[in-house]
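Quick note: the coordinates plus some simple rules give every number you see, no bench work behind them. In this text the structure is predicted, and so the values were computed from the model without any measurement. Using ideal geometry, Cβ is built from the backbone for each residue, glycine included, and neighbour counts are taken over all protein chains shown.
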Amino acid sequence: MLENDMEKTQLTDTGATQTMPGVGTEATQQALGVTCPVCHTTNAPGETYCCDCGFLLASAREGFEIAAEQPGVAAELVPKLVEPSTGREFALNPGPNTIGRENADVLLTHPSVSRKHATLTVADGKYLLEDVGSTNGTFAGGKKIEPGEQAEVEPGTELMFGSAVLKLEAPPEDAAVSAAEAVREVEEAEEREKLSEESVAVEEAAEEPSPPVEVEPEQHEAADQAEAAEIPVEPGVEARFEATPEQTLEPPVEAVEVHEELPTLARLVAKPDGQEHQIRPGENTIGRRPANSVVIPDLYVSGSHAVINASDAGFTITDVGSTNGTFVNGERLTPNEPRELQDGDELTLGQSVFRFTI
Amino acid sequence: MDSTQMIPPSDDERTQLSNGGFDPGKTQVSGPFGQGFDPGRTQMAGAAQKALNMQAVVGNQYAIATHGSREHVLVSLQASGAMGGARMPLNLCLIIDRSGSMEGEPLEYVKRACGYVVDLLEPNDVLSIVAFEERVDVIMPARRVVNKNLIKEHINRLEVGNTTNLYDGIAAGASQIAGVYSGNYVNRALLFTDGDPTAGIKDFSSIVGMVGEQKSRGITITALGFGNEYNEELLAGIARKSGGNYYYITRPDLIPEVFRKELETLMTVVARNLHLRVNLSRWAQLRQIYGRLPTFGNRYAEVTLPDVERGSAESALLELELGARPAGTYRVARLELNCDDSVTGRPERLEADVVLEFTADENLVAANVNQQVQKEIEVALASRQLERTVMGMRTQMIAPGAAVQELQKTMMILQQQGKTDQAQEVQKAIDSIKEGASVEKTLVGTIYNLDRGRTGG
């Protein structure tokens with residue numbers, strides 16, 4: 001405690017005043033709320049933790065940066081079971097989700113629910129519900145599902161497990177599409193602006209990269225637009241792409257041409273449809289968003305998910321902080337740690353599986 | 001204020017926070033939480049005065065930030081040994097089953113037991129007696145225990161009747177308590193029965209639901225089951241819902257002893273009407289509270305906890321589902337415990353924060369598993385295992401031999417985790433099965449006490 005106090009006195013001297021309302025001349029600042037850097041909720045002054053996401057507000061000092069990918073937002077695009085009576089939500093994972101009173105993915109502690117009650121499988125945008133021998137039965141839209149039967153249920157259907165009522169909610173099917181559209185619109189707008197500034201920009205580019213400040217207002221707009229549509233577009237991600245001088249300043253048409261001129265060093269072959277994505281020299285960004293070099297339209301894939309680096313030394317893959325992780329031969333990658341890729345490795349991103357072939 | 005600001009237990013504040021990946025202690029201490037944040041300081045102010053102390057211990061002070069995970073939180077309540085002057089007066093109702101099966105010895109012992117209760121009570125206490133069979137009779141309406149002989153005369157007039165109308169019996173008893181209800185009493189009904197409900201409303205959920213309603217009015221029910229015929233699931237369910245105790249009485253001559261034990265327990269109650277509310281932050285869900293039935297809401301869950309006696313401890317084990325998020329320190333849940341404190345004589349509120357640091361470093365998570373919480377998880381799982389075995393025996397899905405094997409496994413776990421009393425109970429059950437006796441009723445009590453995490457008292 002004594003040390004604590006000492007620290008406190010020290011701190012008063014070291015520019016920590018910014019987050020210290022109520023001290024002497026800073027008193028006027030007290031009236032200002034504190035905006036949570038993680039979820040952007042405005043908190044009353046004096047709150048220790050964000051009232052919404054619980055983030056320790058005082059740990060957000062100047063220069064503190066939140067990872068570009070906000071998992072929470074992406075999570076809202078995942079299918080879920082919602083209990084209308086309480087508002088409780090159970091997120092559904094790709095593949096089978098067990099429902100029951102014990103050790104289940106969707107844990108319903110109601111006595112009318114059996115320990116192992118039902119399984120809801122999420123695959124290819126379909127929802128298959130199966131009763132696994134419950135005592136009080138499983139119902140979809142009021143219709144009983146016989147044990148052993150696999151019933152396809154539509155989003156919006158009311159499901160009943162014993163006497164627990166849950167509604168299946170799926171992200172709108174066009175969410176990914178509209179997300180993509182929103183991004184594209186924003187990008188087009190930026191491109192137009194860039195084109196109009198091109199002559200100036202190119203000249204400037206020779207000396208210094210275009211400062212990110214110039215594009216910032218639009219990114220904010222993009223973010224707002226995206227938020228309104230509940231689309232996970234994160235400010236900062238675009239900034240990362242655009243800030244790279246060569247990408248920012250070349251009109252995109254040219255950029256594509258450049259890509260085509262580069263040789264294909266390797267391929268990602270999608271399972272099971274065999275669709276191929278080309279891996280070219282340098283950095284290959286992978287994600288759901290159209291700005292990536294490899295675009296995967298899978299809701300479980302993050303906007304910016306992973307990067308494959310191709311050089312003379314070989315291939316590496318790095319997860320850049322995705323929500324659902326990147327797996328190589330079933331092994332989850334530690335974010336931001338490159339891992340070498342070999343011919344034949346199996347990559348899993350979200351629900352999508354690829355074979356890496358050289 | 002909060003005696004309870006508890007963040008991960010093992011480390012002291014500063015070291016914990018300094019792992020934040022951002023500048024350590026600095027930003028922490030400069031924050032606006034100067035007062036509430038120093039556990040040492042606040043505890044001194046609180047613990048001396050309040051009957052209860054609440055601690056929230058996380059199963060791991062770190063959680064993985066990059067993907068969803070599950071984490072346990074052990075909420076422990078420790079009652080102080082201090083007593084504020086005289087004991088709390090009781091507002092007690094004896095709800096007695098006088099169905100046909102009680103004829104003879106059992107009823108005679110019940111009368112004797114009621115007589116003991118009268119002897120132990122003082123003029124400040126309020127007593128009422130309700131007897132039920134098909135019909136419900138108020139033998140004695142709620143009144144102060146002044147003329148003890150007169151009350152005993154009433155008791156001695158008890159006679160057996162026909163069927164068992166448990167629901168109306170409980171309702172009548174509760175209304176006697178409610179008639180003189182006051183926060184200054186320990187309001188409690190002792191429900192004594194030897195059989196399944198056979199008249200009136202009989203189904204489990206209606207009866208337990210009504211018990212829950214009574215609890216919300218501050219009336220707790222202790223369930224005493226006698227003999228081999230009663231429904232242990234129902235009685236334990238009543239006790240569980242109500243936060244009262246559950247007893248299984250094997251022989252009629254033990255009835256007076258159990259009544260006395262319960263009464264002595266009631267006389268040392270220091271905190272009543274415990275309501276725990278778990279307020280969840282975004283990206284956090286409560287999966288379950290082991291062995292309890294919380295009610296869920298949008299980003300909160302609530303559960304009633306049993307009354308706590310002087311010098312005893314209770315706990316609740318929570319399992320949380322945590323979503324991925326940007327790395328950093330987060331309060332994933334805020335716990336609020338409201339109770340009536342007999343020491344201060346006031347309603348009290350205790351608070352505790354459940355704080356974890358989310359990191360991308362799996363190794364850090366792996367290296368910081370809290371052994372105390374791990375142990376409680378083992379016990380909770382053993383309790384679930386026991387529950388399955390009991391259910392299997394009752395439905396005859398498990399043969400006695402297999403049941404013994406299962407019970408032996410559970411017993412070993414309980415022994416290892418230091419739950420000696422419960423391990424002994426399981427051992428006794430194993431012996432009884434070998435002699436061909438039924439053990440479900442005892443084991444339901446074992447499960448109940450394991451789930452309450454009760455020690456001391």
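For B:Q288, enumerate residues with amide H under 5 Å from its amide H, sequence gap 5+ or separate chain, H modeled in the peptide plane.
Distant-sequence amide H within range of B:Q288: B:E319.
Under a no-solvent Debye model with one identical scatterer per Cα of region B:189-338, what's log10 I(q)/I(0) at q = 0.11, 0.16, 0.20 Å⁻¹?
The computed values of log10 I(q)/I(0) come out as -0.52, -0.93, -1.25.
Sketch the reach of a paramagnetic label on A:R115 as a point 7 Å from Cα along Cα-to-Cβ, and name the residues of region A:130-167 whose backbone nitrogen lies under 19 Å away.
Label zone hits: A:131-138, A:162-163.
May I ask you to list the GluC sites (Glu not before Pro) in region B:372-402 that are in a DSSP loop and have at most 16 other Cβ atoms within 10 Å of their Cβ?
none
Near the amide H of B:T344, under 5 Å away, which other amide H atoms are found, from residues 5 or more places off or on another chain, if H is placed in the peptide plane?
B:A51
What order do you get for B:K441, A:K80 when you list them from fewest to most C-beta neighbours inside 10 Å?
Working: B:K441 24, A:K80 19.
Starting with the residue having the fewest Cβ neighbours, the order is A:K80, B:K441.
Any idea what % of Cα-Cα pairs in region B:373-456 are farther than 22 Å?
Values: 577 of 3486 pairs.
Across region B:373-456, Cα pairs with separations above 22 Å total 17 percent.
In Å and whole numbers, how far do the C-alpha atoms of region B:354-394 stretch along each principal axis, longest first?
Cα spread of region B:354-394 along its principal axes, largest to smallest: 47, 18, 17 Å.
Between A:D312 and A:S85, what is 0.36 nm times their sequence separation minus the Cα-Cα distance? Round to one decimal in nm.
Extending this stretch completely gives an extra 75.8 nm.
May I have the convex hull volume per residue, in Å³, for the Cα set of region B:90-267?
Residue-normalised Cα hull volume stands at 91 Å³.
Quick one: Karplus J couplings for region B:113-129, per residue in order, coefficients 6.51, -1.76, 1.60, θ = phi - 60°, nearest Hz, x for Gly and Pro?
Couplings: 4, 5, x, 4, 4, 4, 4, 6, 7, 10, x, 6, 7, 10, 10, 9, 10 Hz.
To make sure I understand, if each residue's beta carbon is the centre and we count other beta carbons within 10 Å, what order do A:L120, A:L168 fall in, fewest to most?
On the way: A:L120 26, A:L168 22.
Fewest to most other Cβ atoms nearby, the residues stand as A:L168, A:L120.
Applying 1/(1 + (r/R0)^6) with R0 = 35 Å to the Cβ-Cβ distance of B:V180 and B:L293, what FRET efficiency is obtained, to the nearest 0.05?
Once the sixth-power term is evaluated, E becomes 0.75.
Please report, in whole Å³, the volume per residue of the convex hull around the C-alpha atoms of region B:62-124. The partial results should precede the final answer.
On the way: hull volume 14.7 nm³, N = 63.
Each residue corresponds to 234 Å³ of Cα convex hull volume.
Starting from the amide H of A:T35, placed 1.01 Å from N in the peptide plane, find each other amide H under 5 Å away whose residue is 5 or more places distant or on another chain.
A:N43
To the nearest 20 debye, what is the magnitude of the charge dipole of chain B about its Cα centre, counting +1 on the Cβ of each Lys and Arg and -1 on the Cβ of each Asp and Glu? Don't skip to the answer; put the middle values down first.
Details: 47 positive and 56 negative charges, 141 e Å.
Once rounded to the nearest 20, the dipole reads 680 debye.
For A:R267 paired with B:A399, estimate the spin-label separation in nm (one decimal), with each label point 7 Å from Cα along the Cα-to-Cβ line.
Label-label distance for A:R267 and B:A399, simple model: 6.0 nm.
Could you tell me what a quarter of the Cα convex hull surface of chain B works out to, in nm² with one decimal place? Intermediate results must be reported in sequence, preceding the final value.
Values: hull surface 89.3 nm².
Result: 22.3 nm².
Mean residue ellipticity at 222 nm from the helices of chain B, using -39,500 (n - 2.57) per DSSP H segment of n ≥ 4 over the full residue count, to the nearest 500 deg cm²/dmol?
Helices in chain B give a 222 nm mean residue ellipticity of -11500 deg cm²/dmol.
Quick check for you: which residues of region B:184-212 have the amide N under 17 Å from the point 7 Å beyond the Cα of B:E122 toward its beta carbon?
B:184-187
Could you line up B:S312, B:S80, B:S216 from fewest to most neighbouring Cβ atoms inside 10 Å? List each step's numbers first, then the result.
Details: B:S312 21, B:S80 18, B:S216 11.
By the 10 Å Cβ count, ascending: B:S216, B:S80, B:S312.
Can you tell me the FRET efficiency between A:E149 and A:K126 if r is taken as the Cβ-Cβ distance and R0 is 25 Å, rounded to the nearest 0.05?
With a Förster radius of 25 Å, E is 0.95.
Could you quote the convex hull projected area for region B:281-404, Cα atoms only and averaged over all directions, in nm²?
Computed as one quarter of the Cα hull surface, the answer is 11.6 nm².
Extent of region B:259-305 along each principal axis, from alpha carbon coordinates, in Å, largest to smallest?
The principal-axis extents, from largest down, are 48, 19, 12 Å.
So which of B:K202/B:K434; A:K167/A:K271; A:K80/A:K143; A:K144/B:K202 end up more than 24 Å apart by C-alpha? Spell out each step's value before the answer.
Details: B:K202/B:K434 33 Å; A:K167/A:K271 31 Å; A:K80/A:K143 20 Å; A:K144/B:K202 27 Å.
Pairs exceeding the cut-off: B:K202/B:K434; A:K167/A:K271; A:K144/B:K202.
If you count the DSSP beta bridges with both ends in chain B, what percent of them are antiparallel, to the nearest 5?
70 percent
Testing the spin-label approximation: label points 7 Å from Cα along Cα→Cβ at B:D421 and B:E435. State their distance in nm.
Placing both labels 7 Å along Cα→Cβ, they lie 2.3 nm apart.
Go ahead and run the numbers for FRET between B:H275 and B:V369, Cβ-Cβ distance against an R0 of 25 Å, rounding to 0.05.
Step by step, r from the Cβ atoms, then E = 0.25.
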